[in-house]
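The values are calculated or read from the model by the stated rules, or taken from the named source; none is laboratory data. What you are looking at is a predicted structure, and each value in this text was computed from that prediction instead of being measured. No Cβ is skipped: glycine too gets one built from the backbone with ideal geometry, and neighbour counts run over all protein chains shown.
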Amino acid sequence: MLHYETHILANGLTVLAHYDPQSPLLSMNVIYRVGSRDEDPDKTGFAHLFEHLMFGGSVNIPRYDEPLQMAGGTNNAFTNSDFTSYYLTLPASNAETAFWLESDRMLGLAFSEKSLEVQRGVVVEEFRQNYLNQPYGDIWLLLRPLAYTTHPYRWPTIGMKPEHIEQAQLDDVKAFFKRHYHPANAVMAVSGNMKPEKIFALAEKWFGPIPPGEVPDRKVPAEPPQTEARSHYHQANVPNAVIYKTWPMPGRYTPEYYTGDLLSDLLGSGYSSRLFIRLVKQQNLFAEVSASVSGDEHPGMFIISGKLNSGVSFERAENAINDELSHVRDSLATNRELNKVKNRFVTQHAFSIQDVADKAQSLAEGAYFGNSNLVNEVEKHYLNVTAQHMRDFAQRYLRPETSNTLYYDHLHQPA
């Protein structure tokens, strides 16, 4: 059980505090309710661009990393479709440095054409290097618009194309910051060797004076129900052909999400999973195969992917996947299989909240999703999944007519 206390500042910032007297460290995690789904379709990649800009210096602190490193701290951040997370860890004796740094860049970044030009170049280079010039790098640029026709999940966090970032103007960036980066649109979790009353006092001191801002309307177009299968064929200079199949599934923290997550583990997580045993070891169709879920807040994707062995056709590989899914729809998982994936989750969850950084992240994400106590409840949700739940999930969601298939072929060299 992870014990914590909650305090909400007058400006709307939710603060969660977990006291860990055994740790010499303190970790702070600030989540802003802005991800790639909040972007204009003509200006995608802004949420990720802003993740970079937030390290470019604020009004009173020209170089964010310098004072943090002097205090013995480390930091990082990530952006996904739903939110942006900034986190740092430092010795608890220097904890106030964290409050000073995070509050100052929430209050106001030092916007400049030079900073924008530098970070714009960094992000565009990342786009080209990781998505356009990397083998298989463009898979999600192809797969997301296949799986989504309307919802902004149809573009990845990096954006639709580098031109959207190249064309970003300073006024666009300032407007994005004003809309999304303020206390009323954020949650903060602090874990470490500091009592909650001290954490809340420092939060009031450093974050309390920041104006609240207006909470943005996050309504986005809902993805219409899929009624027929969709597919796309693509060819590139890669060593092996791969196949990706997705199906729409409920969003994270809905009851059915936990069933889908465990089912993906049963099918395609590790060497003892069904797909690996039957399609890799027994039938020798794939060099590797896996199943996963996207974990998005809104309805997301159930994903099966595999790298085909030489000489195996897409038709044969896809038929083998479909046969395994038919088996899941027609019969119940064994107790041994069910216990295996549940035990794996319990172990992974226990390791995921070992240090103060993990605890702060878990508390912040739970608060973002509307349930700060989720870290203490999530194990129960997974353990309550039954074999019948899995079969019902497969019958309802993993149907041929709701599949999206990307055939990613390698270039065939002449003999």
Checking the conditions here, which among Gly159, Gly213 is surrounded by fewer than 21 Cβ atoms within 10 Å (Cβ to Cβ), part of a loop (DSSP other than H, G, I, E, B) and at positive phi?
Gly213
Could you please tell me which pairs satisfy a Cβ distance under 9 Å, a separation of 6+ or placement on different chains, a first residue in the stretch 384-400 that is more than 19 Å from Val341 (Cα to Cα), and a second residue that is loosely packed, with under 15 Cβ neighbours inside 10 Å and of a type in the set (D, E, K, R)?
Gln395/Asp330
Of all residues in the stretch 184-210 being in a helix (DSSP H, G or I) and small (Gly, Ala, Ser), which is surrounded by the most Cβ atoms within 10 Å (Cβ to Cβ)?
Ala203
Single unsatisfied condition, Ile321 versus (1) buried (at least 17 other Cβ atoms within 10 Å of the Cβ); (2) at positive phi
(2)
Exactly one condition in (1) in a strand (DSSP E or B); (2) out of contact with any Phe, Trp or Tyr (no Cβ under 8 Å at 6 or more places or on another chain) is not met by Tyr271; state its number.
(1)
Any strands (runs of 3 or more DSSP E) falling wholly within the stretch 25-129 and containing at least 2 residues that are assigned by TED's automatic domain parsing to the domain that holds Asn193, surrounded by 20 or more Cβ atoms within 10 Å (Cβ to Cβ) and within 20 Å of the chain's Cα centre (by Cα)
25-32, 84-91
